[in-house]
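Worksheet for the structure shown next.
No lab work stands behind these numbers, since they all come straight from the coordinates. Nothing here was measured: the structure is a model prediction, and the numbers come from that model. Cβ sites come from the backbone with ideal geometry, for glycine too, and all protein chains shown count toward neighbours.
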């Protein structure tokens with residue numbers, strides 16, 4: 001038996017080999033070229049398998065994993081290996097050898113080799129984890145966030161955070177190569193115009209006064225331009241105390257950029273170069289040059305959204321005129337007012353859908369805010385659908401011409417107030433894209449959207465407010481509209497869009513104190529309010545502020561899309577959940593009464609009926 005055991009390399013006694021100093025290596029780097037090399041592997045027990053008197057352990061670190069074998073002929077090491085459990089931290093030393101023919105694992109970079117253990121040190125034991133880190137099935141998000149330190153060990157999370165590191169590094173490299181200075185702006189600042197969304201920080205030294213955490217370095221980066229720095233960038237941490245939303249975090253990261261003496265095109269070219277650099281250097285994906293550009297009006301007309309997903313070519317078609325004065329009374333009535341819109345949306349191959357499928361789409365449209373959904377299908381035996389009786393041969397031909405619908409396609413019709421029709425049809429368009437698998441997560445469709453309105457009406461109060469922020473300048477020559485028709489003013493504002501997500505926004509800024517003051521007053525701020533909130537900034541503008549503009553891109557969203565994820569929480573090391581809570585640290589939490597006393601604060605418990613809805 002001893003002879004047979006030594007004939008099998010799996011049973012070779014490590015004590016027969018010459019002692020060689022083991023070199024520490026990463027668990028994912030060994031290949032056939034390392035055969036004969038004495039190595040030390042430090043990592044976690046990923047999986048353990050007992051086969052025919054041998055123990056196999058996959059040892060894992062951030063770089064990957066390596067199979068280690070334990071032979072009973074090395075009694076002390078084998079006995080210790082029998083005690084190993086998942087997530088124990090170990091150090092194994094041995095000499096790399098090829099796996100026996102037929103046992104290789106082509107799915108692993110290290111799958112051609114293994115390390116027979118000559119020595120084993122248990123560096124730390126692990127309790128039984130609340131979920132199996134080596135399992136393919138995904139734990140619930142609450143479980144992952146509660147035990148985030150374990151979730152971070154999973155290859156998916158380590159891959160995502162590695163991608164994030166590489167993207168941020170590429171961004172820094174690009175802007176450094178283009179003459180930008182990375183400058184840190186403070187985290188404790190003065191409250192902003194959106195003060196209701198600020199995180200406030202009470203001052204112990206100045207009792208009764210508060211700092212705010214920045215929602216953006218906007219004013220500070222403009223002051224850097226006034227200070228003559230010329231080209232600034234920062235990987236900036238920002239904070240916003242918004243109501244919980246699935247795609248937002250109370251703290252987030254953006255690449256913030258500002259430049260002097262530039263036009264809108266200059267900024268767009270620079271930022272376009274940045275995303276092209278990242279995609280080519282990190283993802284090895286070529287990005288078209290130049291990127292497509294859409295006006296805000298075009299985006300809303302064709303896609304019902306100012307952040308259109310261009311991965312699939314399905315556009316809206318306006319058909320108001322085709323139904324005006326027609327037999328279908330509902331659409332005929334809607335078509336009489338410019339405040340309404342009737343959108344036709346082509347569903348490729350939709351004629352094959354059943355009545356039940358169309359009913360389900362109608363229910364979905366109602367969930368999106370529509371009163372209903374009309375449709376026709378161009379089936380082999382004629383026009384079918386909910387409004388087929390109102391669509392004669394002539395109207396069918398005009399509809400097909402207007403929408404490029406072919407045999408076997410269907411048309412979905414959304415008729416409503418213009419904003420509702422745009423929103424519902426836009427969401428149905430994305431639904432079609434998902435159902436037909438047209439939104440490839442590995443395809444990247446960038447575009448620019450510009451020409452936004454400078455002002456808009458607050459839907460709740462009816463008051464005129466800024467569409468983005470009050471530091472954006474209007475298109476030249478439109479200053480006279482401030483008093484006569486402010487809603488008609490077009491902003492020098494631009495958004496970069498990718499796969500239906502807004503990656504970031506930018507604008508050319510107001511750089512004269514006279515014009516900036518006019519904007520503030522148009523928003524209803526008094527002289528006293530302007531001085532209180534922006535006195536330091538208005539003062540800076542009076543000392544020779546140069547023309548300037550810039551942009552910010554969301555790092556979290558960029559990494560999410562690059563990783564093929566659908567939630568930014570999966571590309572952030574320590575995110576909050578959808579209710580803005582940190583489940584691992586149990587934050588936010590109460591603080592001792594003494595801490596409140598030092599700050600001059602007290603907790604007021606809301607009385608019944610005064611709680612926020």
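Points to keep in mind about this one:
- Principal-axis tilt of helix 527-541 within the chain, Cα atoms, nearest 10 degrees: 70 degrees
- For the range 263-311: rounded, prolate or oblate by the Cα gyration tensor [a/c cutoff 1.5]: oblate
- Theoretical ellipticity at 222 nm over the chain - DSSP helices of four or more residues, -39500 (n - 2.57) apiece, nearest 500: -8500 deg cm²/dmol
- For residue 206 and residue 605, a Förster radius of 35 Å and the Cβ-Cβ distance give a FRET efficiency of 0.85, rounded to the nearest 0.05.
- Relative contact order of the chain, defined on C-alpha pairs under 8 angstrom at six or more residues apart (%): 12 percent
- Using a Förster distance of 60 Å, the FRET efficiency for residue 243-residue 107 (Cβ separation, nearest 0.05): 0.85
- Distance between the range 417-444 and the range 127-189 - C-alpha centres, whole angstrom: 29 Å
- Extension gain for residue 197-residue 284 works out to 27.4 nm (0.36 nm per residue, less the C-alpha to C-alpha distance).
- Linear extension gain, residue 436 paired with residue 567, 0.36 nm per residue minus alpha-carbon span: 45.0 nm
- Extension gain, residue 91 to residue 404, is 106.1 nm, computed as 0.36 nm per intervening residue step minus the present C-alpha separation.
- In terms of its alpha-carbon gyration tensor, the chain comes out oblate; a/c meets the 1.5 threshold, while b/c is at least as large as a/b.
- Cβ-Cβ distance of residue 515 and residue 181, R₀ of 25 Å, FRET efficiency by 1/(1 + (r/R0)^6): the value works out to about 0.35.
- Gyration tensor verdict on the range 472-613 (Cα atoms; rounded if a/c is under 1.5, prolate if a/b is larger than b/c, oblate otherwise): oblate
- Span from the the range 392-406 Cα centroid across to the the range 55-71 one, whole angstrom: 64 Å
- The range 205-228 versus the range 515-561: alpha-carbon centroid distance in Å: 11 Å
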